[in-house]
1. Looking only at the stretch 381-397, count every residue that is part of a helix (DSSP H, G or I) and either surrounded by 13 or more Cβ atoms within 10 Å (Cβ to Cβ) or touching an Asp or Glu at 6+ places or on another chain (Cβ under 6 Å) (or both) and tell me the total.
2. Hey, among the residues in the stretch 351-380 that are in contact (Cβ under 8 Å) with a residue 12 or more places away in the chain and among the polar types (S, T, N, Q), which one's surrounded by the fewest Cβ atoms within 10 Å (Cβ to Cβ)?
3. Taking the options GLN326, GLN241, GLN273, GLN266, name whichever one is among the polar types (S, T, N, Q) and under 21 Å from ILE371 (Cβ atoms).
4. Which condition breaks for SER162 when tested against (1) under 19 Å from the mean Cα position of the chain (by Cα); (2) among the polar types (S, T, N, Q); (3) under 26 Å from SER72 (Cβ atoms)?
5. Whether any residue in the stretch 330-342 is aromatic (Phe, Trp, Tyr), buried (at least 20 other Cβ atoms within 10 Å of the Cβ) and within 25 Å of ASP401 (Cα to Cα) is what I want to check.
6. Can you tell me which condition PRO225 does not meet? The list is (1) touching a helix residue (DSSP H, G or I) at 6+ places or on another chain (Cβ under 7 Å); (2) of a type outside the set (Asp, Glu); (3) outside any helix (DSSP H, G or I), and all the others hold.
7. In the stretch 153-182, how many residues are out of contact with any Ser or Thr (no Cβ under 6 Å at 6 or more places or on another chain), of a type in the set (A, V, I, L, M, F, W, C) and not in a strand (DSSP E or B)?
Amino acid sequence: MFYSKSFINTSREDPKVAECRGHKLLLKANFLYMVSSGIYSYLPLGWRVLDKINKIIRSEMNLVGAQELFMSAVQPIDIWKKTGRDKDLEEVMFKFKDRKSREFCLGPTHEEEITEIVKRYISSYKQLPFVLYQIQTKFRDEPRPRFGLMRSSEFIMKDAYSFSLTQQCLEDNYQKMYKAYQIIFDKFKFNYFISEADPGAMGGSASHEFMVPAEIGEDVLYFCPKCKKYYKEEGKCLVCQCETKSEKVVEVGHIFKLGTKYSKAQGAFVLDQQGRRKPLIMGCYGIGVSRILSAVAETSSDSKGLIWPKTIAPFDATLLVLDKSQTQEALSIEALLEKECFSILIDDRKSPAGVKFNDAYLIGNPYIMIIGKNYRESAKIEVEKRETGQKFEIAKDKIKDFFRDEYNIK
């Protein structure tokens with residue numbers, strides 16, 4: 001893709017509305033547009049990252065047998081009254097009435113709706129177990145939207161729901177999701193950890209949070225630097241007795257053993273092997289998709305800009321053309337790499353070299369390639385690794401092999 005033809009409009013100045021480093025960089029690098037406080041549009045660069053995040057999540061959900069669906073954003077308040085959560089979440093619900101004076105809300109979450117769907121179609125133990133999931137926009141009337149996508153009024157979530165007849169089957173599904181989440185967060189290159197958590201308004205018997213240390217975190221846990229363990233309360237480490245240190249953390253995923261809270265309240269029963277009516281046993285598994293974009297920006301950046309992991313970067317490399325006469329050569333290099341499924345952003349603008357370098361660092365693609373004035377004589381492409389600053393000189397006929405090695409493609 002030519003930079004000159006793209007909808008990329010970076011800013012030289014730091015945005016005044018930015019509250020933290022990640023928020024500042026996502027706005028400055030033109031990944032997001034702030035519509036209003038807590039409400040954002042995802043611009044082409046940001047959407048490319050989100051799309052890759054979604055693909056990773058979908059791949060792992062599908063591998064554990066989960067089936068994707070897409071539920072409505074608008075929900076009738078009546079289904080919330082069945083569980084009493086119309087009162088529990090009243091302060092954060094966006095509520096309205098239609099022209100027939102029926103009460104609705106914009107879904108802050110989807111436990112009630114998925115239970116209504118499942119009870120309509122499932123009546124026997126023979127149809128169990130199964131897992132349904134979606135990637136959907138949620139809406140919450142946050143009293144104080146903060147830190148860009150970290151706490152916003154409109155956000156994207158992956159939420160999955162398991163349905164079982166027995167507690168053991170719930171446990172099996174829970175463990176599958178637990179392991180799938182580890183694979184997912186490993187692919188995002190997070191320095192994450194897992195903590196037991198309070199189920200809160202979701203209900204159920206147990207839950208686990210997937211947390212990422214970050215200065216903008218609104219939760220505080222206590223960390224043992226020796227054992228690498230986290231605790232809910234300050235106290236010496238239970239393993240080595242070292243003093244723990246407080247650390248701010250961000251939640252990026254949360255899984256719950258919901259049990260029968262929703263099925264009993266909403267009348268979701270099935271017949272077991274003996275013909276007895278039993279409530280469905282449920283689990284719920286959430287990932288903050290848009291929050292991941294923000295968490296990576298916050299934890300993977302430097303003074304020059306963003307540093308995207310290879311797995312979710314908008315492009316694999318930015319190719320800087322410093323001599324306009326080399327544009328066709330840049331297209332030839334792009335074609336070589338695109339045959340291997342690498343995506344390249346060619347900066348063909350008439351801008352000064354300094355501007356091109358600054359934007360390349362700011363956007364944060366994993367590699368920066370340079371076709372300079374000496375390319376005709378040397379026939380070598382300069383390559384810089386964004387994360388480490390390592391520099392290489394690679395012959396054109398070797399550039400494909402270089403990227404295959406870097407991405408561990410056999």
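1. Looking only at the stretch 381-397, we keep the residues that are part of a helix (DSSP H, G or I), and these are 396-397.
Next, from what is left, pick out any that are either surrounded by 13 or more Cβ atoms within 10 Å (Cβ to Cβ) or touching an Asp or Glu at 6+ places or on another chain (Cβ under 6 Å) (or both): 396.
Here the count works out to 1.
2. Among residues in the stretch 351-380 that are in contact (Cβ under 8 Å) with a residue 12 or more places away in the chain and among the polar types (S, T, N, Q), the one surrounded by the fewest Cβ atoms within 10 Å (Cβ to Cβ) is SER378.
3. Details: GLN241 fails: under 21 Å from ILE371 (Cβ atoms); GLN273 fails: under 21 Å from ILE371 (Cβ atoms); GLN266 fails: under 21 Å from ILE371 (Cβ atoms).
Result: GLN326 is the single residue among GLN326, GLN241, GLN273, GLN266 that is among the polar types (S, T, N, Q) and under 21 Å from ILE371 (Cβ atoms).
4. Answer for SER162: the failing condition is (1).
5. Residues of the stretch 330-342 that are aromatic (Phe, Trp, Tyr), as a first pass: 342.
So of that shortlist, the ones also buried (at least 20 other Cβ atoms within 10 Å of the Cβ) come out as 342.
Filter again for within 25 Å of ASP401 (Cα to Cα), leaving 342.
Yes: one or more hits.
6. That leaves (1) as the condition not met.
7. So the answer is 4.
Listed here are the residues, each with its yes/no results for (1) in the same structural domain as CYS341 (by TED's automatic domain parsing); (2) in contact (Cβ under 8 Å) with a residue 24 or more places away in the chain; (3) not hydrophobic (A, V, I, L, M, F, W, C).
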| site | (1), (2), (3) |
| --- | --- |
| THR10 | no, yes, yes |
| LYS24 | no, no, yes |
| PHE31 | no, yes, no |
| SER37 | no, yes, yes |
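The values are calculated or read from the model by the stated rules, or taken from the named source; none is laboratory data. Model, not experiment: these values are computed from the prediction. Because the Cβ atoms are built from the backbone with ideal geometry, glycine has one as well, and the counts that use them run over all protein chains shown.
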